[in-house]
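One structure is given here, and the rest of the page talks about it.
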Amino acid sequence: MGRAQHFFMVTDPRNVLLSSEVLEDARVTVENYRLGIVKPGLTEDQLWRAKYIYDSAFHPDTGEKMLLVGRMSAQVPMNMTITGCMLTFYRTTPAVVFWQWVNQSFNAIVNYTNRSGDAPITVNQLGAAYVSATTGAVVTALGLKSLTKHLPAIMGRFVPFAAVAAANCINIPFMRQRELKYGIPVTDVEGQRLGESTQAAQQAIVQVVVSRIGMAVPAMAIPPVIMNALEKKAFMKRFPLLNAPVQVGLVGLCLVFATPLCCALFPQKSSMKLSSLEPELQERIRQSNPHITTVYFNKGL
C-alpha cells in the first residue's frame, strides 16, 4: 500500500508540466539532504514533495534527468492516446500496423529511459530491440486479426491487447539485453555496491514484464467491453465521431489507477538471497562481507 501511494505521486501526469527550474530545485534539495546539507527553513512536507518530484524525473541509478516522454508521469497521457487509437482503429490492416508501430516506438523510449543500472546501451542494441519488438507486435496483431475473422466482433477488440502483451515480452528483454549479458549492480542494505549480477537482472526484467502487462490489462480489456455495448446505442450511431474520444477517455480513466498500482506490484529496490546469485559473485561478496545474506538492486520500471 505504501508503494502504491508513492507511485500515485510519482506517476501523477501533472509532473510532466513541471518546469526545469522546479526539477533542478528538487534535485539539489534531495541530493544535498543525502549529504546532510539541509536548506534553512525546509519543512518535512517540502522535502517529501521534492523527493517525489525528483523520483518522477531523475533516473535512480545514474541521477540523470530522464527523457520527458519516457517518464512514468507521462504514461497516462501518452498511453491513453496510443491505446485508445489502437482500440478504435483495429479493423484495417494499415491501421493495425501503424498504431502498433507507434506504440512500440513509445515503449522503446520508456524501456530505455527506465532501465536498471548505469551502463550505457549502444545504438545497435537500441535498434535491434526496437525492430524486434515492433515486428513481434505487428506479426502478432495481424496473425490474431486473421484468426478472429470468423469469431464474434467483440473478440477482434482484444487483438491489440494480445499484441501488446507479446511485444512487452520481446521489447523489454531486448531493450535491456545488456543487463542480461553483463548484469546489474547489486548492493547491501545501505546502498554500497557489491558487484554486478545477471541473476538479479533476470529477476528484475521478469518483474517489469509482469507489471507492464498488468498495466495494459484494465486499459485494453475494460474499454472494449464498454464500447461494444455503447456502439449499439442510438446516440453513438448518430455521432460516430464520438467513438475515438470516448475510447481514449475510458482508457485514460483505467490508466490513472493501473499505472501506479502495477508499478507498485514489486518493490523498485528489489532484493534476493545471496545464495541465488552466481557462485563466483557469492564467493566474492562472502570474502569481503561475510555477514551479508540479502542483496538489493533497482529493478527498473
task = Grab the Cα-Cα distance for residue 95 and residue 232, subtract it from 0.36 nm times how many residues apart they are, and report the gain in nm with one decimal.
result = 47.0 nm
Length released on extending from residue 187 to residue 68, taking residue separation times 0.36 nm less the Cα-Cα span = 40.0 nm
remark   = Computed from the beta carbon distance with a Förster radius of 30 Å, FRET efficiency for residue 81 and residue 45 to the nearest 0.05 stands at 0.35
note = Relative contact order as a percentage, the stretch 146-301, C-alpha pairs under 8 Å and 6+ apart, gives 28 percent
task = Could you order peptides 102-113, 1-12 by the average number of other Cβ atoms within 10 Å of their residues, highest first?
result = 102-113, 1-12
request  = Would you list the membrane-span-like helices of the chain, meaning whole DSSP H runs whose alpha-carbon atoms span at least 15 Å along their axis and whose mean Kyte-Doolittle value is at least 0.5?
outcome  = 75-88, 123-147, 159-175, 198-230, 243-263
key: Surface per residue (accessible, 1.4 Å probe) for the chain, Å²   = 50 Å²
inquiry  = As a quick test, which of the pairs 181/273; 181/269; 51/181 have an alpha carbon distance above 29 angstrom in this structure?
reply    = 51/181
inquiry  = At 222 nm, what value in deg cm²/dmol follows for the chain if DSSP H runs of at least 4 each add -39500 (n - 2.57) and the sum is divided by all its residues, to the nearest 500?
reply    = -21000 deg cm²/dmol
inquiry  = Which of rounded, prolate or oblate describes the stretch 244-299 when judged by the alpha-carbon gyration tensor and an a/c cut-off of 1.5?
reply    = prolate
inquiry  = Sorting check: for 176-185, 281-290, 35-44, which peptide has the highest mean count of neighbouring beta carbons within 10 Å, and how do the rest follow?
reply    = 176-185, 281-290, 35-44
key: Pairwise Cα inverse-distance average, inverted: Kirkwood Rh of the stretch 75-129 (Å)   = 12.6 Å
ask   = Which value, in nm² and rounded to one decimal, describes the direction-averaged projected area of the C-alpha convex hull of the stretch 207-301?
value = 7.7 nm²
inquiry  = Please list log₁₀ I(q)/I(0) at q = 0.15, 0.24 Å⁻¹ for the stretch 45-147, using the Debye equation with identical point scatterers on the alpha-carbon positions.
reply    = -0.72, -1.24
task = Please compute the Cα-Cα pair-distance distribution of the stretch 151-252 with 5 Å bins starting at 0, giving whole percents from short to long.
result = 2, 11, 16, 15, 12, 10, 9, 7, 7, 5, 3, 2, 1
ask   = In percent, how large is the relative contact order of the stretch 152-225, given Cα pairs closer than 8 Å and 6 or more residues apart?
value = 38 percent
key: More than 35 Å apart - percent of Cα-Cα pairs taken over the chain   = 26 percent
inquiry  = Multiplying the sequence separation of residue 257 and residue 24 by 0.36 nm and subtracting their Cα-Cα distance, what value in nm do you get?
reply    = 81.1 nm
query = Using alpha-carbon pairs under 8 Å, 6+ residues apart, how would you state the relative contact order of the chain in percent?
reply = 21 percent
query = To the nearest 10 Å², what's residue 142's accessible area with a 1.4 Å probe?
reply = 60 Å²
remark   = Quarter of the surface of the C-alpha convex hull for the stretch 33-95, i.e. direction-averaged projected area in nm², equals 6.5 nm²
request  = Could you look at the chain and say what percent of its accessible area is carbon and sulfur, using a 1.4 Å probe and all protein chains?
outcome  = 65 percent
request  = Can you tell me the order of 20-29, 191-200 when each peptide is scored by its average per-residue count of other Cβ atoms within 10 angstrom, highest first?
outcome  = 191-200, 20-29
key: Built amide H within the under 5 Å cut-off of residue 194, gap 5+   = 186, 187, 188
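The values are calculated or read from the model by the stated rules, or taken from the named source; none is laboratory data. Fair warning: this is a prediction, and the values are worked out from it, not measured in the lab. No Cβ is skipped: glycine too gets one built from the backbone with ideal geometry, and neighbour counts run over all protein chains shown. When the accessible area is computed, the model is the full protein with side chains, heavy atoms only, and any ligands, DNA or RNA have been set aside. Shrake-Rupley method; radii C 1.70, N 1.55, O 1.52, S 1.80 Å.
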